[in-house]
Amino acid sequence: MSRFVMVAILAAGTAASAALAPRNASAAGPDITEFKLDNGMQVMVIPDHRTPVVTHMVWYKVGSADEQPGKSGIAHFLEHLMFKGTEKHKQGEFSAEVARLGGQENAFTSQDYTAYFQRVAKEHLEKVMGFEADRMTGLKLSDEVVLPERDVVLEERRMRTDSEPGARLGEIMQATTYVNHPYQHPIIGWEHEIRQLNKDDALDFYKRFYAPNNALLVVTGDVKPEDVKALAEKTYGQVKPADTPPRARPQEPPPQAHRRVALADPRVAQPSIQRSYLVPSERTAQNDEAVALDVLAQILGGGQTSRLYTTLAAEKGIAAGAGAWYQGVAHDDTRFVVYASPRGDVPLEELEAAMDGVIAELAEKGVSEDELKRAKTQLTADMIYAQDNQATLARIYGAAWATGIDAEKVRGWPERVKTVTAQQVQDAAKRYLVHSRAVTGHLKAAEAPAPAGAPAEKTEGRP
């Protein structure tokens, strides 16, 4: 699957002029209009007149990788707190109004951005714009709402990460892949740091990053660009800009050595292997390396016709599943991941050796024209199908804007995929899928510990 579709189905969009600047629809992408308000807020409009519905999304260029040391989880925590009301609207009023209008709403936080969205009938667009513009700077917090919500986040962490061995291994893998960059921190935060977050931390972060000049409004659906512009000026245009800091993240040094991590847990029903390689993102890659990595991920691990699956599962019969993915939509260097789970009692070491063999063969001998053609067809089809959903379009363009990817790059991505050569794919494998850039993780089942006070099991041959 394409990186633009994979990351919640993402990709592109930055900037423009103060005047409406339409981009014509083509096979490569939808009709996009971009403009900027006087306060610096960027706006993107993507019309879709098939149904009288609109998706309204506000993206802030701030995520977990922009947090201060010792404050991990504050970006996600603030996302929760943004629903707690403002000076103008009491807690729950915005959500209750969206529900009354028959709409949908939600929010999400990533390493590079935080976004809030509503999907409503088009006649209600101005109303949700007004609510969202109000909470851009009008958030009101007290300990009475902050501290219980912190407990909610801690419980979310316990349910989604601490109680899930696979999620715990993923967290450990990410922390090990990055030795200096803040991508090493989990989006939800480390438990001991979440426990210390408070109202002042949330408000400081809010005032630092939540401002119109650090935000993008994306409206997709049954709208006209000129109407959206008038509504945006009436609502968001009244919000004063702020002195938001530029992104200044510590960068990752060149990787030097293969690292290994292992997690054993009695709750593991299916052992597995993960391998994470440090690779460039769309923003940090040279030339078309990122597109070559997209095609490489599809050939190596994109479904049941991929190299990993056909070799390990279909031919050798030692894997129950295998695949690969590449997260190219990121502001800084990112990850290329391969994974496999054994069939039956096949040892992880045997499966890892076979997985290494598949990767090494691809790097040494390259890919066939049939594989290349099939991968390109699937990737471009994924992108085309993604454009059939207005909410997906809003996610695509918002996420890319927040990670520094130009809208034209996204629109032209299918054409760029078509130009990738077999040699470029092989070169990407040789350069980046090497052990010195990798972290390998094993997830295994472990025996449950004996109950407290239970006698130790006797082992024959020992005193």
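The values are calculated or read from the model by the stated rules, or taken from the named source; none is laboratory data. This is a predicted model, so every value here is computed, not measured. Virtual Cβ from ideal backbone geometry, glycine too; neighbours counted across all protein chains shown. For the accessible areas, the whole protein counts, side chains as well, though only heavy atoms, and no ligand, DNA or RNA atoms are used. Shrake-Rupley method; radii C 1.70, N 1.55, O 1.52, S 1.80 Å.
Counting only residues that are part of a helix (DSSP H, G or I) and either within 28 Å of the chain's Cα centre (by Cα) or aromatic (Phe, Trp, Tyr) (or both), how many does the stretch 123-144 have?
Count: 11.
Which residues, counting only those in the stretch 344-386, are assigned to a loop (DSSP other than H, G, I, E, B) and either over 23 Å from Val291 (Cα atoms) or touching a residue at least 60 places away in the same chain (Cβ under 8 Å) (or both)?
Answer for the stretch 344-386, where residues must be assigned to a loop (DSSP other than H, G, I, E, B) and either over 23 Å from Val291 (Cα atoms) or touching a residue at least 60 places away in the same chain (Cβ under 8 Å) (or both): Gly344, Asp345, Val346, Pro347, Gly366, Val367.
List every residue pair whose Cβ atoms lie under 6 Å apart, where the two residues are 6 or more positions apart in sequence or sit on different chains, the first residue falls within the stretch 136-152 and is within 27 Å of Asn214 (Cβ to Cβ), and the second residue, located anywhere, is open to solvent by 70 Å² or more (accessible area, probe 1.4 Å).
Gly138/Glu87; Gly138/Lys88; Lys140/Glu87
Select, from Lys199, Lys229, Lys234, the only residue that is at pLDDT 95 or above, over 30 Å from Thr161 (Cα atoms) and surrounded by fewer than 18 Cβ atoms within 10 Å (Cβ to Cβ).
Every option except Lys234 fails the conditions.
How many of the residues making up the stretch 424-436 are surrounded by fewer than 20 Cβ atoms within 10 Å (Cβ to Cβ) and within 10 Å of Ala363 (Cα to Cα)?
Of the residues in that region, 5 qualify.
Taking the stretch 40-69, which residues are touching a helix residue (DSSP H, G or I) at 6+ places or on another chain (Cβ under 8 Å), open to solvent by 10 Å² or more (accessible area, probe 1.4 Å) and not aliphatic (A, V, I, L, M)?
Residues satisfying the conditions are Gly40, Gln42, Pro47, Asp48, Pro52, Lys61, Asp66, Glu67, Gln68.
Among Gln256, Gln251, which is the only one that is modelled with pLDDT under 95, open to solvent by 60 Å² or more (accessible area, probe 1.4 Å) and touching a Ser or Thr at 6+ places or on another chain (Cβ under 8 Å)?
Gln256
Under the condition of being open to solvent by less than 10 Å² (accessible area, probe 1.4 Å), more than 12 Å from the chain's Cα centre (by Cα) and touching a residue at least 60 places away in the same chain (Cβ under 8 Å), which residue from the stretch 105-120 is nearest to Gly189 (Cα to Cα)?
Per the stated criteria, the residue is Gln118.
Exactly one condition in (1) over 23 Å from the mean Cα position of the chain (by Cα); (2) outside any strand (DSSP E or B) is false for Ser341; which is it?
(2)
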